[in-house]
Amino acid sequence: MSATRASLIAIALVIAPGFAQAQTRAAITSLPSGFGMANGILGVSLSGLYGPYHPPIDVDGDIGIALGFGDAVNAIGFGISADITSLDDDFGDSGYFNLSAHRQFRMTNGYGSVNATVSGVGAYGTASGREIGGSLVASFITGSETRPYMISVGVANDLNMAQDVQGILGLGVGINEEWAVSAGVYGDNNSIGVSYFPAFMPNAVVQLSLRNLDDSDRRGIGFDFGYAFNLFGN
């Protein structure tokens, strides 16, 4: 799975609903969610993964750019994002695009969103062998303003290169205005992580995750940094 797409979805959740406001927020690292970018919100992210097959001088990473438009509250919200997977001397020579549609809804004690994503569109460069995949994920926010909880459930076939259909389940808990913790499983993968919302940069999120702790051959450390802003300045 591209770490970038997970990061951008996290940005959409933790920033867009309370854009530029200090509040306790829940988030789940390493997993896609049901939330998408709000109208006019542009997000950029840098993601990396270090593990057994990624020595320190060859960290697997990518850069993502995502834009939201439409009205997910009263109608349908849409999103388009690009993953740039070549970060070396041939920067930008490899990547692909993702298209998504999402709809938010209210619950008795919170709110939620459903997001359908088609990924791997227009793949080029070394990513050209990637097949088009997709995911369908629902996320729910409940709890209180001081202790929100996020639950994500869904299915996807773009979480590994084999295009296997896999289940998604994650739980995130907001601890305070700057920190959230989470755990999740996606197929035969698992992760635990923390999200940090720096007070000095209210539209940013930093996420660190430990992945596949039960498998020494696939164990890794994931890092995601994202920043979002309103293109229209309001």
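For L171, the stated conditions do not hold, so it cannot be described as farther than 20 Å from S195 by Cβ, open to solvent by 60 Å² or more (accessible area, probe 1.4 Å), at pLDDT 90 or above and in a strand (DSSP E or B). Suppose we keep only residues that are over 16 Å from V118 (Cβ atoms) and touching a strand residue (DSSP E or B) at 6+ places or on another chain (Cβ under 9 Å) within the stretch 153-167. Which one would you say is modelled with the highest pLDDT? So the residue we want is V153. Among residues of the stretch 29-44 being over 20 Å from D71 (Cα atoms) and β-branched (V, I, T), the one that is most open to solvent (accessible area, probe 1.4 Å) is V44. Taken over the stretch 158-168, residues that are part of a strand (DSSP E or B) and crowded, with 18+ Cβ neighbours inside 10 Å amount to 2.
Which is hydroxyl-bearing (S, T, Y), within 25 Å of I65 (Cβ to Cβ) and surrounded by fewer than 22 Cβ atoms within 10 Å (Cβ to Cβ), of Y196, Y186? Walk me through it before giving the result.
On the way: Y186 fails: surrounded by fewer than 22 Cβ atoms within 10 Å (Cβ to Cβ).
Checking each option against the conditions leaves just Y196.
Only one of the numbered conditions (1) open to solvent by less than 70 Å² (accessible area, probe 1.4 Å); (2) at pLDDT 85 or above; (3) under 16 Å from the mean Cα position of the chain (by Cα) is violated by Y227, and that is (1).
The values are calculated or read from the model by the stated rules, or taken from the named source; none is laboratory data. Since the model is a prediction, treat every value here as computed from it, not as a measurement. In this analysis, Cβ positions are derived from the backbone assuming ideal geometry, glycine residues included, and neighbour counts consider all displayed protein chains. For accessibility, only protein heavy atoms count, side chains too; no ligands or nucleic acids. Shrake-Rupley method; radii C 1.70, N 1.55, O 1.52, S 1.80 Å.
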